[in-house]
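The values are calculated or read from the model by the stated rules, or taken from the named source; none is laboratory data. Remember, it's a predicted structure, so these values are computed and weren't measured experimentally. No Cβ is skipped: glycine too gets one built from the backbone with ideal geometry, and neighbour counts run over all protein chains shown. The protein model used for the area step is the full one, side chains on, heavy atoms only, and it has no ligands, DNA or RNA in it. Shrake-Rupley method; radii C 1.70, N 1.55, O 1.52, S 1.80 Å.
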Amino acid sequence: MKAIVIGAGIGGMSTAIALEKAGFDTAVFEAVKEMKPVGAAISIWPNGVKCLNALGMKQQLQALGGNMAFMAYNDAHSGSTLTRFSLSPLVQQVGEYPYPVARAELQAMLIDTYGRSRIQFGKRVTQVEQSATGVTAWFDDGSQAEGDFLIAADGTHSVIRHYVLGENVQRRYAGYVNWNGLVTIDESIAPADQWTTFVGEGKRVSLMPVSGNRFYFFFDVPLPKGLAEDRSTLRQDLKNYFTGWADPVQRLIDSINPDTTNRVEIHDIEPFSRFVKGRVALLGDAAHSTTPDIGQGGCAAMEDAVVLAQTLASHSLGIEDGLLRYEARRVERTKDLVLKARKRCDVTHAKDAEITAAWYADLKNETGERVLAGMCDTIEGGPLG
Ligand code: URC
């Protein structure tokens, strides 16, 4: 049995590795010649970590992950701590650590685990067709590939989504812009072992440790879509958006490298319930696109991959039946993650100013218990517990 995997991002590579482990042949096709993720880093929460462990990457992942032992929210202007607590109760409950990792390093780990030379880069899919026995994919260089089934992990701008759903879906602008990148850890900005977030005015500035003595940073600002902003003014733009914010925020803005800072207009897609058409299945962002607000986009793709391989390997009623079982196990879970992220997004980014003001006030009374319970709930909803 041979799978065609479209896309060599987190979802596609996790899928190719999982399918090979389950005894399938795979061929991976990637549109771009060189991977350039829009995010500098990603937090892999324990549900995602458990998936990568199951795929044999436990040690490599640990080496890439930052030590995120504490979590804190600070007031935007005074910089004072609103709440600070240990993540240890979460680790104890779920049995695994969260690992913030540099995105390029995660990508390299996945690609090298599969075998870089086996991936066909520069192959942009244009069309897929299927018969009762197999699938054909066509690429923009005129070439084609054949397999028994096809997994479309071709991202939020998926080409194959339309083929599966029979209609176009629009991405929904979530209302904020996210600037993100990596900087050397500076403890005058935030403690090295803490996920620190400054909050106020519906904006946030956040730092997470990744390996190699670096912070992943991100700035979120509610803004209209489509503003023209330019790298040469990036630092000054952030200075303007964060005027009056505490010294550590100003130091962070001074220390970032505008050339390697990404600016992303954050979108998601209204959840839909069809991931499969015959022998073709959507996976990862192609099936469910989320805002990053609970750090579950990459994790959900890893979960998809593990469930897909497990479902196909453990049933005998054929590929189409196996793919429908994958769909049945993933639709509700991923809908829940997308809508949870959307809800957090709206509270964090002041969609309703009163609700956000109440959240800021609540943070002063937060012991960590409620925040961690919410995170544990999300994590334990994953396929590996
Ligand atoms: N939570 C995360 C977020 N990761 O775990 C992450 C967020 N990355 O709110 N935002 C972001 O850009």
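For GluC sites (Glu not before Pro), the sites in the range 111-167 that DSSP calls loop and that have at most 11 other Cβ atoms within 10 Å are E167. In the distance distribution for the chain, Cα-Cα pairs more than 35 Å apart total 25 percent. When the solvent-accessible area of the chain is split by element, carbon and sulfur atoms take up 49 percent of it, the probe being 1.4 Å.
Run down the lysines and flag those whose C-alpha is under 28 Å from the C-alpha of K203, throwing out any fewer than 8 positions away in its chain. Qualifying lysines at Cα under 28 Å: K36, K225, K239, K335, K340, K343, K351, K364. Helix 103-114 and the longest principal axis of the Cα set of the chain meet at an angle near 30°.
A dipole drawn for the chain from +1 and -1 charges on Cβ atoms has a positive end, and of S206, G284, A357 the residue lying farthest that way is G284. If you plug the beta carbon distance of D362 and A108 into 1/(1 + (r/R0)^6) with R0 = 30 Å, you get a FRET efficiency near 0.15. Taking all Cα pairs closer than 8 Å and separated by 6 or more residues, the relative contact order of the range 141-284 comes to 37 percent. Each residue was assigned an accessible area with a 1.4 Å probe, and for L64 the value is about 30 Å².
Ranking Q236, V101, A145 by Cα position along the charge dipole of the chain, where only Lys, Arg, Asp and Glu carry charges on their C-beta atoms, puts A145 farthest toward the positive end.
Here the spin labels are modelled as points 7 Å beyond Cα on the Cα-Cβ line, and at A328 and K343 they lie 2.7 nm apart. Computed on protein heavy atoms with a 1.4 Å probe, the accessible areas place W245, W138, W195 in the order W138, W195, W245, largest first. The dipole here belongs to the range 201-307: it is taken about the Cα centre, uses +1 on the Cβ of Lys and Arg and -1 on the Cβ of Asp and Glu, and is about 180 debye. May I ask you to list the trypsin sites (Lys or Arg not before Pro) in the range 171-236 that are in a DSSP loop and have at most 12 other Cβ atoms within 10 Å of their Cβ? Within the range 171-236, the qualifying trypsin sites (Lys or Arg not before Pro) (loop, at most 12 other Cβ atoms within 10 Å) are K225. Annotation for the range 1-73: GluC sites (Glu not before Pro) lying in DSSP loop with at most 10 further Cβ atoms inside 10 Å of their Cβ are E34.
Taken as Cα centroids, the range 1-22 and the range 42-56 sit 16 Å apart, rounded to the nearest whole angstrom.
With helices as the sole contributors, the chain gives -11000 deg cm²/dmol at 222 nm; each DSSP H run of n ≥ 4 counts as -39500 (n - 2.57), and the sum is divided by every residue. Distance from the alpha carbon centroid of the range 151-202 to that of the range 97-127 works out to 18 angstrom. With a Förster radius of 25 Å applied to the beta-carbon distance between A132 and H157, the computed FRET efficiency rounds to 0.25. Estimated at 0.36 nm per residue, the fully extended path between S273 and F121 surpasses their Cα-Cα distance by 51.7 nm. Think of each Lys and Arg Cβ as +1 and each Asp and Glu Cβ as -1; about the Cα centre, that makes the dipole of the range 45-181 roughly 360 debye. Between Y326, Y360, Y241, the residue with the greatest mean-square fluctuation in the GNM of the chain (Cα pairs under 10 Å linked by springs) is Y241.
Listed by chain and number, the lysines placed with their C-alpha closer than 21 angstrom to that of K2 are K21, K123, K277; residues fewer than eight positions away on the same chain are left out.
Spacing of the modelled spin labels on R231 and F70, each 7 Å from Cα toward Cβ, amounts to 3.6 nm. Ordered from highest to lowest accessible area with the whole protein assembly present and a 1.4 Å probe, R279, R116, R370 read as R370, R116, R279.
Axis angle, to the nearest 10 degrees, between helix 297-313 and the longest C-alpha principal axis of the chain: 30 degrees.
In the context of the full set of protein chains, residues of the chain present 41 Å² of accessible surface per residue (probe radius 1.4 Å, heavy atoms only).
Extending 7 Å from the Cα toward the beta-carbon at both R370 and E354 defines two label points whose distance is 1.7 nm.
For the chain, a simple Cβ point-charge model (Lys and Arg +1, Asp and Glu -1, everything else neutral) yields a dipole of about 200 debye relative to the Cα centre.
Using C-alpha pairs below 8 Å separated by at least 6 residues, the relative contact order for the chain is 24 percent.
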